[in-house]
Amino acid sequence: MNEIVKKNGITFGIITGVISILITTLMYTIDLNLFTSVWVGLCLIAFYIIIGVVLLSKTKKELGGVFSFKDAFTTYFISAVVGILISVVFNILLFNFIDPSAKDAIKELSIKSTVEMMEKFDAPSASINETIKKLQESDQFSTIEQLKGSVFSMIFSAVFGIILAAIFKSKPAYKE
């Protein structure tokens with residue numbers, strides 16, 4: 001594996017993980033409602049897209065403009081995995097050991113937010129009640145659920161990494 005690819009992937013992964021910890025900590029200290037905000041979620045997705053673009057632009061430049069699809073994907077995926085793992089470890093610690101009551105508060109806010117959205121879309125009350133029951137029975141912040149979520153995040157990151165790698169790979173030089 002190319003050393004620049006590995007170095008940038010790990011470095012940006014650490015940066016992403018630390019920023020994720022800072023964002024989670026800010027949301028935790030400012031207002032737990034931020035954990036259920038669609039706008040916060042969309043802003044975070046935009047942030048991760050920007051980080052990915054900066055990462056791949058920087059790496060391509062450091063490689064002298066020669067950036068294979070494999071190297072572009074590997075760079076992004078290493079970064080994503082490192083960032084996800086750092087973030088998940090922090091979330092497990094925060095919500096299961098440091099302040100387990102926060103996850104219960106967020107669960108209640110999530111249920112309230114979900115019910116409001118379902119009512120806006122005129123969902124039948126039976127469907128709303130079933131959703132409430134499922135949400136009450138689940139623990140999205142448990143260690144197992146966090147680890148499951150990290151697997152889904154990695155799959156999503158792989159798909160997004162494929163798209164970014166296709167965009168950032170070097171165009172083949174055709175000889176005539």
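How large is the translational diffusion coefficient of the range 1-99 in µm² per second when you combine the Kirkwood radius over alpha carbon pairs with Stokes-Einstein at 25 °C and 0.890 mPa s?
Estimated diffusion coefficient is 170 µm²/s.
Just need the relative contact order of the range 2-81 here, percent rounded to a whole number, with Cα pairs under 8 Å and 6+ apart.
For the range 2-81, the relative contact order is 62 percent.
Suppose all protein chains stay in the model; what accessible area per residue would a 1.4 Å probe give for the chain, in Å²? Can you show the working numbers first?
Working: 10740 Å² over 176 residues.
Heavy-atom SASA per residue in the chain reads 61 Å².
Angle, helix 125-137 long axis vs. longest principal axis of the chain, Cα atoms, 0 to 90°, nearest 10?
70 degrees
How far is helix 69-93 tilted off the main Cα axis of the chain, in degrees rounded to 10, range 0 to 90?
Orientation of helix 69-93: about 30 degrees from the principal axis.
Taking the highest mean first, how do the peptides 4-16, 121-133, 53-65 order by number of other beta carbon atoms within 10 angstrom per residue?
Packing proxy ranking, top to bottom: 4-16, 53-65, 121-133.
For the ranges 153-163, 80-90, 136-146, what's the packing order if you count other beta-carbon atoms within 10 Å of each residue, average per peptide, and put the highest first?
Output ranking for 153-163, 80-90, 136-146: 80-90, 153-163, 136-146.
Aspartates and glutamates near LYS7 by alpha-carbon distance under 20 Å, same-chain residues fewer than 8 away left out - which ones?
Cα-Cα hits under 20 Å: GLU62, ASP71.
When the Kirkwood hydrodynamic radius is evaluated over all pairs of different C-alpha atoms of the chain, what value in angstrom, to one decimal, is obtained?
Working: mean 1/r = 0.0553 Å⁻¹.
Radius from the Kirkwood sum: 18.1 Å.
Would you mind calculating the relative contact order of the chain from Cα pairs under 8 angstrom and at least 6 residues apart, reporting the percent as a whole number?
Relative CO of the chain lands at 35 percent.
Taking the chain as the reference, fit the longest principal axis to its C-alpha atoms, fit the long axis of helix 3-30 to the helix C-alpha atoms, and give the angle between the two in degrees, 0 to 90, nearest 10.
20 degrees
For the range 1-121, which whole percent of the accessible surface, found with a 1.4 angstrom probe, sits on carbon and sulfur atoms?
Exposed carbon and sulfur together represent 73 percent of the surface.
Under a straight-distance cross-link criterion of Cα-Cα below 29 Å, which lysines are reachable from LYS120, leaving out those fewer than 8 residues away in the same chain?
LYS103, LYS107, LYS112, LYS133, LYS134
The values are calculated or read from the model by the stated rules, or taken from the named source; none is laboratory data. None of these values were measured; they are calculated from a predicted model. All Cβ positions, even for glycine, are placed from backbone atoms using ideal geometry, and neighbour counts span all protein chains on display. The area values use the complete protein model at the heavy-atom level, side chains included, leaving out ligands, DNA and RNA. Shrake-Rupley method; radii C 1.70, N 1.55, O 1.52, S 1.80 Å.
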